[in-house]
Amino acid sequence: MCGCSQVPLHQKIVELNLLKIEPLKSPELSSFPLAEKTLLFDSKKIRNKNIDFDLNGNLMLPPGDYIIPVMTYCMNHSGSSPDAHSYTLSKLEGSRAQVIRELNLMAPLKFSVEDIQITSWSIQAGLSYEEMTKISQNVVDLILRKYKEELKESYLKIAEKKWNALANSTQGIMPDFNEASNQVIDNLGEVGIKINDYRKFKTELSEIGHNYQELSKMIQTSGRLSRTKKNETPWSIISPNVYARFITDGHFNQIVFLQIKVTQEAQQRKINSITDERVLVDIGSLIGNPNDKNVQPLSFSMFLNSQGVWAVPVLIESPVAAGLILAAIIAAQKINWDSFFDLYDYLKDSKSKEIRNEIDKGLRALQEAHDELEKELKEVGIISGKTKDTTKKEKNPTREYEKAGGDKELEEDFNKLPGIRIKPPDGIEYKVISNDSKAIKRLRDGDKPPTLEIQPLKDSTKYFHKLRVKVRYK
């Protein structure tokens, strides 16, 4: 097909409203405005009460500050979800946005994070009920029954019908949908790229099946494309005088915290009495907007219980709830220590046995992670039981040691480690010493002593990116 037909073809497809029936819209199209003024938010003074929600899953919030733990889900089956990316907030929109919202709201009560994520990918890719895995079909049967009719026909099948209806009238100028090459479809712009992505996921799912470990390999979690300090993350105005921001040091399928601020001037809705004035906040319809086409948007699931939504103050008062969330963080394939320590700050003085057990379990897991990370140092004799441990706090992703010596002793120890020396443009030598970690040689720099540092590789599936073991030579 000649290139001259690409522009009118693109225009024809847009006229057929394929964009209007997309399962999910790009978050850039529904971004909330950002607050221009600096907002005061004191995480130590957040409202200490249960948070109610209505029958539709909307939070009912009086004026005040809130921190709500949420589980995150990525909104594309491939691409990037780097640690510590900076997000703003958008509204979840598209022909299947309501299905995703209902999935995130109700599924955590009955299904694992992995099963929810695969089902979410299937819905996002416009798959029909019949094209989903048996487990995803079970998710639909149990919690999304009212949407089964909407899921009866796939987005690709609908697109094919609309495409071919037009192709039949072009006397061969426009190819049949299933005969059109990926390049031809890509030339349609964003809608074409998404059609090819949906085709790819459908093929991958049929070949791999309901295997989260294999499917999640399509998501790149290494790298850090943007980084904003937590207190500098912008606030999105999600309704008049209701502000929210999403802050994470991790990536998808991890527990992070959503901050919400409702000001006194907010539009208020009376629920039960004249004095009980609250506004509705729909977390389920929010989506983390990465403001970067190469990075995954993220959606959220709240943690619900019979008394309401689990927020940080509620966790302090509810040992069972706090224990469950701490347990979920610790049980993750790669523990997000930022999330753990955020909760640790609030719960460390708790007298609850359940909370203390989970905190102790987490601290033991941290100790074990450091033990594993420093294994090579012990095997070649760089550190031993006599090496001075100078780690100041148990709440620290970095374990520190001190040895006598300087640059010479650092060089000698660095030579003991396995691996090939690599010297990047910045001049700081390192060695990859295992499948999950590397050793960095940092020579004396002013007042900073020579240091041998062990840290995870960027694409490590084993360690959280902030874990470190440092040996300082003094």
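Taking segment 74-123 as the range and being under 18 Å from the mean Cα position of the chain (by Cα) and of a type in the set (D, E, K, R) as the test, the residues that pass are 83, 91, 101, 114, 115. Among the residues of segment 451-474, those that are part of a strand (DSSP E or B) and not hydrophobic (A, V, I, L, M, F, W, C) comprise 451, 453, 455, 456, 468, 470, 472, 473. So, in segment 452-471, of the ones that are touching a Phe, Trp or Tyr at 6+ places or on another chain (Cβ under 7 Å) and over 19 Å from residue 379 (Cβ atoms), which residue ends up modelled with the highest pLDDT? In this case the residue turns out to be 466. Take residue 8 and decide whether it is surrounded by fewer than 20 Cβ atoms within 10 Å (Cβ to Cβ) and at pLDDT below 85. Judged against the criteria, residue 8 is a match. Looking only at segment 100-121, decide whether some residue is modelled with pLDDT under 95, assigned to a strand (DSSP E or B) and closer than 20 Å to residue 244 by Cα. No, segment 100-121 has no match at all.
Looking across segment 18-44 at every residue that is modelled with pLDDT under 75 and surrounded by fewer than 11 Cβ atoms within 10 Å (Cβ to Cβ), the one that is farthest from residue 246 (Cα to Cα) is identified as 44.
Of all residues in segment 406-416, none satisfies being charged (D, E, K, R), surrounded by 15 or more Cβ atoms within 10 Å (Cβ to Cβ) and within 27 Å of residue 340 (Cβ to Cβ). Filter segment 368-388 down to the residues that are loosely packed, with under 11 Cβ neighbours inside 10 Å and either in contact with a strand residue (DSSP E or B) (Cβ under 6 Å, 6 or more places away or on another chain) or not assigned by TED's automatic domain parsing to the domain that holds residue 431 (or both) and list them by number. Once the filter is applied, which keeps residues that are loosely packed, with under 11 Cβ neighbours inside 10 Å and either in contact with a strand residue (DSSP E or B) (Cβ under 6 Å, 6 or more places away or on another chain) or not assigned by TED's automatic domain parsing to the domain that holds residue 431 (or both), segment 368-388 yields only 368. Counting the residues of segment 412-438 that are touching a helix residue (DSSP H, G or I) at 6+ places or on another chain (Cβ under 7 Å) and not in a loop (DSSP other than H, G, I, E, B) gives 1. Total residues in segment 349-397 satisfying the condition of being part of a loop (DSSP other than H, G, I, E, B), in contact (Cβ under 8 Å) with a residue 24 or more places away in the chain, touching a helix residue (DSSP H, G or I) at 6+ places or on another chain (Cβ under 9 Å) and not hydroxyl-bearing (Ser, Thr, Tyr): the figure is 7.
Considering only residues in segment 273-310 that are over 20 Å from residue 235 (Cβ atoms) and acidic (Asp, Glu), the one that is modelled with the highest pLDDT turns out to be 277.
The values are calculated or read from the model by the stated rules, or taken from the named source; none is laboratory data. In this text, all values refer to a predicted model and were calculated from it rather than measured experimentally. Methodologically, a virtual Cβ is constructed for each residue, glycine included, from the backbone with ideal geometry; neighbour enumeration extends over all protein chains shown.
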